[in-house]
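Asks: Provided herewith is a single structure, encoded as structure tokens, for subsequent inquiry.
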Amino acid sequence: MKTKMLKSLIFFFLIFKSCYAFQNFSIEEESQKIYGIAQQFAHLIFQEDFEKLEQEKLKILSQKIIEHYEQFYSEEDFWTDDQWSPTDTETLEITKTRKSKKILQLLCCIKQDLENLNVNCDFDPIINLINECCTQIQNQITNLQININQNFNNTFTVLADIKNTITECCADLHDLIESLSSGITFTVFQFVSGDFTTIFTVLADIKLTLTECCAQNQRNFNNTFTVLSDIKNTITACCAQNQTNFNNTFTVLADIKETLTECCAAIQNNFCNPTFISNADLGATGYNINTGSLYKLAEDIVYFPAAPSNAININASGATLDLQCFSLSQGNLVPNVNGIFVSPNLSDVTIENGMIKRFSRAGISVQSGNTRLLVDNVETFSCDVRGTEFQGTVATPVTESLIKDCTLTNCCRGATGDFVISYSVCNRCNIYNTKLNSNGISTHSLSVVRMTDCITCKANKVKTKNNTGTSTVSFDLQTTSTSILKRCSSRTDNSTTGNYTGILLSNNCSANEFTRCKAIANIGGTTCFGFRITGTQSLANIISDSLISRNIANNGDMAGIQIDAANRGTIVSTIVENNRSVTTRGMGLNVISPGTEWEVKRSQFIRNTGSVTAGTSSNSFGILDPGASTSVNLYSHNYAFLNGTLANNQYAIATNTSMAGGIVDSGTTTGLPAFSWANLRVVT
């Protein structure tokens, strides 16, 4: 343990000695080395695990060495090299001498500390090493002093030579001036005088130039201040104008605040302080809503009119009638009485949340020119003529209005009952999520939803069920264009003695779209049609992704889709299946001349059957298109399965009509790549 400690000490001082041979040294580099060695040395001593007494003594030694070193290292002037350069020989020698003395002092201090330390180990080698190092440093200091003395002697010799040379030169110049002064004095003065004249002329020119320059600068400054004055005036005027504008702005804001305050007060009054309607308010002549505020039923109201008149008349835009889940009904048989009547040319009227029943005419009657009217969550029950009607005119159609989340039941059972919902001359009016069930009667015809002369109207998720008439149409479109029926369905509707049609387009309906619609299990007293499109001017209508299934004609033709002379339409991705005629023909698709330019693709016609004659199913057809000479229709990618038992009746199509890719029978294995557009046929 002691040996290792001694080796560490010797190592430290050997490195210390080698770092300061003082031949070519870098103060910064060598100081870092010494500092690192000192740290290692202290670390080695403090990490040693020997007897406590020796440990404490060596700690004292280490601490003293570190203290001496830190004092030595902290002297800023010792390490600063900025005062001399390698070419400054004398300064370099002086610096080496001064620094060598300091190092010598450090080593002497360390030596003294070692001699005073009573540690049970031999420090003589280290002390001898320090003595040797000190002797070498002393010798170097002596040599440096000799060199410095020699340099100083040389310096003073050179300075003496310079002094003698300058003295001799000055004496020679004095003699020369004395010898020449008598002959050149006047000439010199003339020459000097001439030069001064020239100088003063130049100075005068400079003065003149400066005077003009100053005058010009003065003018420039004057112009600058004039411009600044103009800017000041402009800014002053601008600020005044801005002040006026701000004053006007705050005036406008005050007006807006006042207007909004009045408006909020009106809204507060209208909607937080509703007007309640009770039976006593109606009397025998009805109730009038004459302000655009909120009205609510206070109770179930039964209206007993003395003569034909409306129970409630809405005569103001912005009015809201909240039935509050109460009912409004007629209590006698006076004819032509409407439950709620909306006067012409109003906007933003709302009728909501309740039941309207047993009125001798319509539950809700909306007159022409109304816009943005909403009927929401209203159940209309047992109104004799119509459930809800929008009655526009060509000059003043009903626009942008909506019936949503409503139910209409048992309506149109009076002698003149005709339409459960009627849209007449309406633009951009919609019906959404509404059910129409069990309406109509077997003694007169019925259209469950009727759109006449409508443009861009929509019916979405509208469902009809169990509705009856002598002739019944679930969705009846007359002269209507660019309208959409989506996810609409008719189920178990029927006609007693006449025709039944699920969706009918007649009188020149064009550019309408029917997507994801269904006609299921409906019954016709005579003929029955899932879809029927009629009229030569009914153009560009589309049926897509729809289903016509299990419909029955009791005494006439059954056609899943029938095209009566309509043109240029599309049937795509539609399934027509299991439809049947009891007495005559059963057809998936029936095209009546001159229906032309139809495209039928990716559709299925399955098990559509007619009556059996002489043991054959000659009245059963998948597609029947006898075609006129001018009819050209395109059929591709279709499937006709088991429509009777005759192969040719799967596609009974005229030769002038195109069967893209032809017809391929089930089981065909040859030439199939040629039939990528083929229509597949299956009989058994």
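The values are calculated or read from the model by the stated rules, or taken from the named source; none is laboratory data. Just so we're clear, the structure is a prediction, and the values are computed from it rather than from any experiment. Here Cβ is always computed from backbone atoms with ideal geometry, including for glycine, and neighbour counts include all displayed protein chains. Calculation scope for accessible area: heavy atoms of the full protein, side chains included, ligands and nucleic acids excluded. Shrake-Rupley method; radii C 1.70, N 1.55, O 1.52, S 1.80 Å.
Asks: Say R0 is 25 Å: what FRET efficiency, to the nearest 0.05, do residue 555 and residue 435 get from their beta-carbon distance?
Replies: Once the sixth-power term is evaluated, E becomes 0.25.
Asks: Same structure again: Assigning unit charges at the beta carbon (Lys, Arg +1; Asp, Glu -1) and nothing else, what dipole magnitude in debye, to the nearest 20, does segment 525-594 show about its Cα centre?
Replies: My answer is approximately 80 debye.
Asks: In nanometres, what is the gap between the two model label sites at residue 290 and residue 135, each 7 Å from Cα along Cα-to-Cβ?
Replies: Computed distance between label sites residue 290 and residue 135 equals 13.5 nm.
Asks: Turning to a different aspect of this structure: Given the peptides 340-346, 377-383, arrange them by the average over their residues of other C-beta atoms within 10 Å, most packed first. Don't skip to the end; give the middle numbers.
Replies: Details: 340-346: 20.0, 377-383: 22.9.
Result, highest mean Cβ count within 10 Å first: 377-383, 340-346.
Asks: Which of the three applies to segment 401-444, rounded, prolate or oblate, going by the alpha-carbon gyration tensor with a ≥ b ≥ c and a/c under 1.5 meaning rounded? Walk me through the numbers on the way to the answer.
Replies: Values: a/c = 3.96, a/b = 1.61, b/c = 2.46.
Here segment 401-444 falls in the oblate category.
Asks: What Rg and what Dmax come out for segment 355-424 when only alpha-carbon atoms are used, in angstroms?
Replies: 11.8, 33
Asks: Next question, about the same structure. Would you mind estimating how fast segment 462-620 diffuses translationally, via Stokes-Einstein at 4 °C and 1.567 mPa s with the Kirkwood radius over Cα pairs, in µm²/s?
Replies: In µm²/s, the coefficient is 86.
Asks: Let me ask another. As a test of understanding, state the convex hull volume per residue of segment 427-520 from its alpha carbons, in Å³.
Replies: Looking at segment 427-520, the number lands at 76 Å³ per residue.
Asks: Would you please give the FRET efficiency between residue 568 and residue 243, computed as 1/(1 + (r/R0)^6) with r the Cβ-Cβ distance and R0 = 51 Å, to the nearest 0.05?
Replies: The calculated FRET efficiency here is 0.15.
Asks: Extension gain residue 325-residue 405, at 0.36 nm per residue separation less the Cα-Cα distance, in nm? Intermediate results must be reported in sequence, preceding the final value.
Replies: Numbers: separation 80, 0.36 × 80 = 28.80 nm, distance 1.41 nm.
Taking residue 325 through residue 405 to full extension adds about 27.4 nm, to one decimal.
Asks: So what's the convex hull volume per residue for the Cα atoms of segment 273-402, in Å³?
Replies: Hull volume normalised by residue count: 89 Å³.
Asks: I need the shape label for segment 467-523. Rule: rounded when a/c is under 1.5, else prolate if a/b > b/c, else oblate, with a, b, c from the alpha carbon gyration tensor. List each step's numbers first, then the result.
Replies: Details: a/c = 3.41, a/b = 1.47, b/c = 2.32.
Judged from the Cα gyration tensor, segment 467-523 comes out oblate (a/c at least 1.5, b/c at or above a/b).
Asks: Residue 251: accessible area at probe 1.4 Å, nearest 10 Å²?
Replies: Counting only protein heavy atoms, residue 251 exposes about 80 Å² to solvent.
Asks: Could you give the length gained on full extension between residue 444 and residue 261, defined as 0.36 nm per residue of separation minus the Cα-Cα distance, in nm?
Replies: Contour length minus Cα-Cα distance gives 60.2 nm.
Asks: Right, another one. Multiply the residue separation of residue 231 and residue 456 by 0.36 nm, subtract the distance between their alpha-carbon atoms, and state the gained length in nm to one decimal.
Replies: Working: separation 225, 0.36 × 225 = 81.00 nm, distance 6.29 nm.
Separation in residues times 0.36 nm, less the Cα-Cα distance, equals 74.7 nm.
Asks: Also: I need the calculated FRET efficiency for the pair residue 299 and residue 396, taking r as the beta carbon distance and R₀ as 56 Å, to the nearest 0.05.
Replies: 0.95
Asks: Here's something else I'd like to know. Would you mind checking 461/486; 404/458; 435/461; 357/463; 458/518 for any pair whose Cα atoms are more than 18 angstrom apart?
Replies: Long pairs (Cα-Cα over 18 Å): 357/463.
Asks: Okay, moving on. Work out the length of the dipole vector of segment 408-527 about its Cα centre, built from +1 on the beta-carbon of each Lys and Arg and -1 on the beta-carbon of each Asp and Glu, and round it to the nearest 20 debye.
Replies: I would put it at about 560 debye.
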